[in-house]
1. Give the range 44-74 a look and list any residue that's part of a helix (DSSP H, G or I), at pLDDT below 90, over 21 Å from ALA135 (Cβ atoms) and not hydroxyl-bearing (Ser, Thr, Tyr), or say none.
2. Looking at the range 212-224 only, could you name the residues that are part of a helix (DSSP H, G or I) and not hydrophobic (A, V, I, L, M, F, W, C)?
3. Which residues, taken from the range 96-138, are of a type in the set (S, T, N, Q) and closer than 19 Å to GLY247 by Cα?
4. Just checking, how many residues over the range 373-402 are among the polar types (S, T, N, Q), modelled with pLDDT under 90 and loosely packed, with under 14 Cβ neighbours inside 10 Å?
5. Taking the range 497-516, which residues are among the hydrophobic types (A, V, I, L, M, F, W, C), surrounded by fewer than 21 Cβ atoms within 10 Å (Cβ to Cβ), within 26 Å of MET532 (Cβ to Cβ) and touching a residue at least 24 places away in the same chain (Cβ under 8 Å)?
6. Could you list, in sequence order, the residues of the range 391-419 that are among the aliphatic types (A, V, I, L, M) and either in a loop (DSSP other than H, G, I, E, B) or over 19 Å from ASN514 (Cβ atoms) (or both)?
7. Surrounded by fewer than 16 Cβ atoms within 10 Å (Cβ to Cβ) and free of Cβ contacts under 8 Å to residues at least 24 places away in the same chain, is that true of ASP181?
8. For residues in the range 75-99 being without any contact (Cβ under 8 Å) to a residue 40 or more places away in the chain and in a loop (DSSP other than H, G, I, E, B), which is surrounded by the most Cβ atoms within 10 Å (Cβ to Cβ)?
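The values are calculated or read from the model by the stated rules, or taken from the named source; none is laboratory data. All figures in this text were calculated on a predicted structure; none of them were measured in a lab. So basically every Cβ, Gly included, is an ideal-geometry build from the backbone, and we count neighbours across all protein chains shown.
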Amino acid sequence: MKSETKKSLERIFHQLAGHPFLSITVMCILLFFFGFCAKENLTTFSYVYAGVVCAIIYGLLLIIGKLCRSGKESLIMFVTAMVFTAGGLFLMRNFDNSPALLLWLSLFLLAIFCALMWMTDTLSDRNFIILLVMAGIMLRFMYDLYTGYRDRQHDVGYFNWTWGHANYIEHWYKNGLTLPDANQIRIWQYYHPPFHHWLMAILLRILTTAGMEYTKACEALQILPLLYSSLIMGVSYRIFRYVKLRGLPLVIAMAIVCFHPTFVLMGGFFNNDILCTLFMMLSIYAALRWYQQPTLRRIIPVALCVGLGMMTKLSAWMVAPAIAILFLYVFVKNIKSWLKFIGQFAIFGVISVPLGLWWQVRDLIAFKMPLTYVPYLNENDPQYCGNMSVTKRLFDFGNGQLSFVYDAFTDPNFGAPYNEYNPTVALMKTSLFGEGQNAISDIHFPQIAKTGPILFWIGVILALICFVSFFVMMLSKKSGLDGFHRVFFAVFALTMLISYYLYAFKFPFTCSMNIRFCVPLIPMFAMGLGMMLRRLSGDTKPQKIFRYSVYALTAAFAVMICVVYSQVSFPKIG
């Protein structure tokens, strides 16, 4: 019976792992109808719906997985699972629809399923990662339930306003594909290319047409950034498997991506950052697949991902140097077939360039807006730090920067002791808690006064290990990658890292120092850590100490993220 159960569960998880993007999309859609991404939308129907979905899932697992020896055992297990589920939903309903309780109940159920798989000898690294992805989706969904479109956002503004990403979405919602005729420079955030805003406007139209009240429909739009953030886990998994990570190194790399706070925060963003990040990751994965088999059929997805990424946000250009090196390497390597590749590169350009640049070219012609236009804040703004020396901004870690572990901003609504000015410190703080007056901190959430610093220092240590591991592996011939792949990944990471620092100095303001400008570094550095763990897989004492320390740090990182972000779901103070 155990062998039959193992075979059945393996078939199920093989399908989930074989179609990660579809599996993640289906799970996000199923969650969407439970509250429409807003705690305020939770009704009796929401809980009935959750119970029915769980009943169907339990039933399918019992039938397909053949977990029990008889129909009587199956019925007992089904009733037991439903009693626990109903009890958990009842508790959540009676504890003010607590999103935090939903997360921990979900983690409890996933832990039970993990134990069940262990008992049936089906708990492989692949299957455990699927459970991690499910946990990551639930973490993101919990955050979205208690986070409105006005909370911890960037340049979003309000619907029914005259500027910001929300108003930009609203323009396309009200006017269809009619292009704005006003100067894009004069309306805050209208300079961005519109692909993300189109998708949000289309969903808003679908929801309101289906009868949803407008303000609720606006909140429900968070399902799209939730989906994008979740799909990044699937893309990361594909890339990690491409570099042949497996076992615990793969699990650790995926755990970092699944639980990283940046992806939780961005899963609630109404701006275009998270979709741009998704397209950048897809571009890298598609380029690697083309490298494996350089055909016309495989270069078209690369062109579409690059073009649509730049039509989402121009900063998607940062994939270009690495992809250009890849194209050049393959071209030189196959110089005898040069005409074939010239044709492929021409097709790539014909697709990606118009998609990526039509909006900028249109605004250049219509409004004389520079192709790389970014609005510059007033130097009288309190967050301006351009009067500080480069040395101070890069190497000064004093003035209480590391005692106040949240991104510092002296705005009266935030009340931090100083404005952040060190890009390196800001990179760490914003990756864990968000930015400036939008940041999570113990000023507004005193309940995280003790847990916040613990998460910060665990995150700092883990980030430093990932950073060092990545670049050591890119320089090492024993990394498991050939020279070309090491150059490819190194160029991609360095392009983002250098671009981040140049941007921070070109626009010397606190708000210009944010992890959201180089998010793909997170999965890249997590991959580097996985490769380092694979490299140090021996039985020597130093190698064992390193591995077990990383395992403990990663586990603590995941737990503390769940704890801190659960605490933030409690009412805001101040």
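1. Once the filter is applied, which keeps residues that are part of a helix (DSSP H, G or I), at pLDDT below 90, over 21 Å from ALA135 (Cβ atoms) and not hydroxyl-bearing (Ser, Thr, Tyr), the range 44-74 yields GLY59, LEU62, ILE63, ILE64, GLY71, LYS72, GLU73.
2. So the first thing to find is which residues in the range 212-224 are part of a helix (DSSP H, G or I), and the list is 214-220, 223-224.
TYR214, THR215, LYS216, GLU219 - these are the residues of the range 212-224 that are part of a helix (DSSP H, G or I) and not hydrophobic (A, V, I, L, M, F, W, C).
3. Within the range 96-138, the subset of a type in the set (S, T, N, Q) is 97-98, 106, 120, 122, 124, 127.
Answer for the range 96-138, where residues must be of a type in the set (S, T, N, Q) and closer than 19 Å to GLY247 by Cα: THR120, THR122, SER124, ASN127.
4. Residues of the range 373-402 among the polar types (S, T, N, Q): 378, 380, 383, 387, 389, 391, 399, 401.
Subset that is modelled with pLDDT under 90: 378, 380, 383, 399, 401.
From what is left, the residues that are loosely packed, with under 14 Cβ neighbours inside 10 Å are 378, 380.
Adding up the residues that qualify gives 2.
5. LEU497
6. Here is the first cut: in the range 391-419, the residues among the aliphatic types (A, V, I, L, M) are 394, 402, 405, 408, 416.
LEU402, VAL405, ALA408, ALA416 - these are the residues of the range 391-419 that are among the aliphatic types (A, V, I, L, M) and either in a loop (DSSP other than H, G, I, E, B) or over 19 Å from ASN514 (Cβ atoms) (or both).
7. Working: surrounded by fewer than 16 Cβ atoms within 10 Å (Cβ to Cβ): yes; free of Cβ contacts under 8 Å to residues at least 24 places away in the same chain: yes.
Here the answer is yes, as ASP181 does meet what is asked.
8. Across the range 75-99, the extreme among qualifying residues is ASP96.
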